[in-house]
Amino acid sequence: MIHNMRLFTLLICLCLVTPVWAQKHQISSKELASVDAYVQQLMKDWRVVGSSVTIIHKDKVIFSKGYGYRDLDKKLPVTSRTLFGIASNTKLFTAMGAAILHDEKKLDLDKPVRNYFPEIRFATTELDEKLTLRDMLSHRSGVPRWDGVWSGSGYSLQEIVDRLQYLKPTLGFREGYLYNNNMYAAAGAVTARVNGTTWSELIRQRIFEPLEMKHSYFSFEDAAATGEFASDYFVSLADSTIKTHTKDAHCDCWAPAANIVSSSEDLSHWIIAHLNGGTYNGRRAFSPKALAETIRPNNIASKQMVFDEVFYGLYGLGRSSTSYKGHVIVSHGGVISSYRSQISIAPKDSIGIIVLTNTAQGSSMANAAVYGIYDRLLKLGETPWSQKYQMEYKKGLREAAHEADSLRGLQIKGTRPGHDLASYTGKFEHPAYGTMEITLTGEKLHLTFRDRSQDLEHFHFDQFWAAQDPEYPILFNGRLMRLQFLTNGSGKIDRIRTGISTDPEVEFVRK
């Protein structure tokens, strides 16, 4: 606890102390030219198909450029108006909506959410009685991600709220940081209830309209209809070719966590407001008090310093804060389908940076871009960020391969299924995930679950697995999926134990 308090105190002190030279420093055209060259090199290093980079200083956009293509086949270029899925950068909009309502005393971030949404239920009595919007928005519920619940589900937002009661915690309440998209989705539903609108209307009325964000959307479909929506891509790990990402992760079920689609031009209005007390073009969207509420740390997001240059991370509401080479940085990343985003603010230096990409490997590129841009604008020395992230990326691939190899190492060779294959067929149900169906095609069991349809291979005894697509490890949670068939007292198959994506294992029961 003493260490935690020291961490909070140090970051707050960093927020309050601004170097005099940083206040006086003027950004030159030479520094911006260096940024341009740097981003061009990053595009090559990471084979990113398209990216949009915008830099804001005080109340003006001082750099905005599109790189590469929004459509590779048609050779359509990226511009500052090109639309990208911003994914989890949606979270700050949801958090700001809650902070605005808190500022207006329409809700209290520190009162149980059931005060405003009485029918909501969680997996424990303690969460039912105590969980607040602040807990949900700062990832301190103790409930892990459970991303497999929404992925490919087609659920509505209400259906996600209804399923929270089945998502068990793995930490004690307020015991630590566990990132959770489902809690953000539910928080959006709560704020919508308080506002008397849908979540999207709350964001549109209270944020998009006053900030003149006229070309920002809440679905891929609406964005695609404009003709400016970027296609998304990934570099295949199987043959190193660039391929179109055909797995669409868009879902209303998690809209408040990740569904906003926007451009660097529109997002520059959002950042200008952050650097100017909530005001854009003479119109206020949110108060300085509401802004401060989202920055104030509630949780420790990172207790490791992966890089010496970047301090431990704290989490407020929809954004994390850290110190980068002595400068306070407030930021968030985003991942959806193959879209990657990084939106970062150095509040004491009055700088904001937006990096949007349409390529799965773009997360590393976007992170390297943000830190490298700060290096060049603030004269902090040029750390080789692309090389650092290349090392981390390759380490991640090795770890994914090791996980798969470790699972294969558990296989007992030469065993046979304990039952005839027809005994494993049927429909199996879980209250949060829905129905999984096992059918028999020739001599192969076949799994159908949401958008997943593939043959199963025998692992050993009564266990089968779904082979991993070599193009998808690490990038899209393409884990090997192992199914353990369980029997009842009569020896008949009546359950399947498995883990969906990276979720804890659960049991699907025969219908």
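FYI, it's all coordinate maths here, none of it is from the lab. Since we're looking at a predicted model, the values are computed, not measured. With ideal geometry, Cβ positions are generated from the backbone for all residues, glycine too; neighbour counts draw on all protein chains shown.
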Tell me which residues come under 5 Å, amide H to amide H, from Ile62 once H is placed; ignore anything under 5 positions away on its chain. Ile55, Ile56, His57
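If you put +1 on each Lys and Arg Cβ and -1 on each Asp and Glu Cβ, how big is the dipole of region 421-510 around its Cα centre, in Debye rounded to 20?
So the dipole magnitude of region 421-510 works out to roughly 220 debye.
Using unit Cβ charges (K, R positive; D, E negative) and no other charged atoms, how large, in debye to the nearest 20, is the dipole of the chain about its Cα centre?
1000
Would you please name the GluC sites (Glu not before Pro) within region 234-324 that are DSSP coil residues with at most 13 other C-beta atoms within 10 Å of their C-beta?
Within region 234-324, no GluC sites (Glu not before Pro) qualify (loop, at most 13 other Cβ atoms within 10 Å).
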I want to make sure I understand the PRE zone here: with the label point 7 angstrom from the Cα of Lys75 toward its beta carbon, which residues in region 218-233 have backbone N atoms less than 19 Å away? 231
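Remind me, what semi-axes does region 421-510 give for its equivalent ellipsoid, largest first in whole Å, using sqrt of 5 times each Cα gyration tensor eigenvalue?
21, 15, 12
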Contour minus Cα-Cα span, Glu201 to Glu429, at 0.36 nm per residue, comes to 78.6 nm
So what's the gap between the Cα centers of region 357-375 and region 260-279, to the nearest angstrom? 19
Farthest toward the dipole's positive end in the chain, which of Ile438, Ala189, Leu171, given Cβ charges of +1 (Lys, Arg) and -1 (Asp, Glu) about the Cα centre? Leu171
List the lysines whose alpha-carbon lies under 27 Å from that of Lys413, not counting same-chain residues fewer than 8 positions away? Lys444, Lys492
Cα gyration tensor category, rounded, prolate or oblate, for region 405-451 with a/c compared to 1.5: oblate
Long-range tail of P(r) for region 142-267 (Cα pairs > 24 Å, %): 42
In nm, what is the difference between 0.36 nm times the number of residues separating Ser29 and His446 and their Cα-Cα distance? 144.1 nm
Please identify every one of the GluC sites (Glu not before Pro) in region 413-444 that sits in a loop by DSSP and has no more than 15 other beta carbons within 10 Å of its own beta carbon. Glu443
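With runs of 4+ DSSP H residues as the only contributors, calculate the mean residue ellipticity of the chain at 222 nm using -39,500 (n - 2.57) per run, divided by the residue total and rounded to the nearest 500.
-9500 deg cm²/dmol
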Going through the cross-link list Lys303/Lys379; Lys303/Lys395; Lys65/Lys348; Lys60/Lys91; Lys75/Lys325; Lys60/Lys303, which pairs have a Cα-Cα distance over 31 Å in this structure? Lys75/Lys325; Lys60/Lys303
Mind sorting Thr415, Thr191, Thr82 by how few other Cβ atoms lie within 10 Å of their own Cβ, fewest first? Thr415, Thr82, Thr191
Could you give the length gained by full extension between Ala37 and His419, i.e. 0.36 nm per residue of separation minus their alpha carbon distance, to one decimal place? 131.2 nm
